[in-house]
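The values are calculated or read from the model by the stated rules, or taken from the named source; none is laboratory data. These figures come from a predicted structure and were not determined experimentally. Cβ: placed from backbone, ideal geometry, glycine included. Neighbour counts: every protein chain shown. These area figures cover heavy atoms from the full protein model, side chains too; ligands, DNA and RNA do not enter into them. Shrake-Rupley method; radii C 1.70, N 1.55, O 1.52, S 1.80 Å.
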Amino acid sequence: MNLVTRTTGQPINVNSDAVRLAITPNGKTVYIDGSEHTVVPISTATNTAGKPIKAGSEPFFIAITPDGTTAYVASNAVYAISTATGTARKVLQLARFTPMRIAITADGKTAWVSGIVSGKDGRIPHGVVVPISVPTGRAGQPINVGEIFPCLVTTPWRSGRTLGPSSCSA
């Protein structure tokens, strides 16, 4: 969409019912949840879809680091996608844990993942948050937050007119 003229361009076919997206801080690439277990990068300069990137069973949420080098995807696990190479690696998978949202700190050092741990032996599910070190890709210890609160908000950073990050908009 052209925000100046408020007109839409031609649709970009990505073979998906995409509902979630994230834009790199430089505005050059949009990442959307694709079909068949993928995330699809779209060039904003050419409005063309790139090669789909496999990221778990059902990509649910996408967050991009402030420097634009990594896209984190909540799926059946949490995947880190290198925006330079388009390759994904699993960085977090816990038993009975369903990642829901991701927020990345303003300094880009920590990706916070909120999610639900399903009840064991009939117990009620509960919410947790898990910090992931962006430089190392290592997950910290899950923090039990009791109630299920899928949204996360970190201290905002600013990129032009964009203020973020918050995972509450999807």
(request) Any residue in region 32-49 that's under 15 Å from ILE64 (Cβ atoms): show its pairings with residues that are hydroxyl-bearing (Ser, Thr, Tyr) and not in a strand (DSSP E or B) at Cβ separation under 8 Å, as long as the two are six or more apart or on different chains. (result) ILE32/SER16; ASP33/SER16; VAL40/SER16; PRO41/THR83
(request) Kindly check whether there is at least one residue in region 79-96 that is under 17 Å from the mean Cα position of the chain (by Cα), farther than 24 Å from PRO135 by Cβ, open to solvent by 20 Å² or more (accessible area, probe 1.4 Å) and among the hydroxyl-bearing types (Ser, Thr, Tyr). (result) no
(message) Can you name every one of the strands (runs of 3 or more DSSP E) wholly within region 108-165 that holds 2 or more residues which are within 18 Å of THR70 (Cβ to Cβ) and at pLDDT below 65?
(response) 153-159
(request) Tell me which of these VAL73 doesn't satisfy, since it passes every other one: (1) closer than 21 Å to SER35 by Cβ; (2) open to solvent by 40 Å² or more (accessible area, probe 1.4 Å). (result) (2)
(request) Quickly run through region 69-100 and pick out the residues that are among the β-branched types (Val, Ile, Thr) and outside any strand (DSSP E or B). (result) THR69, THR83, THR85, THR87
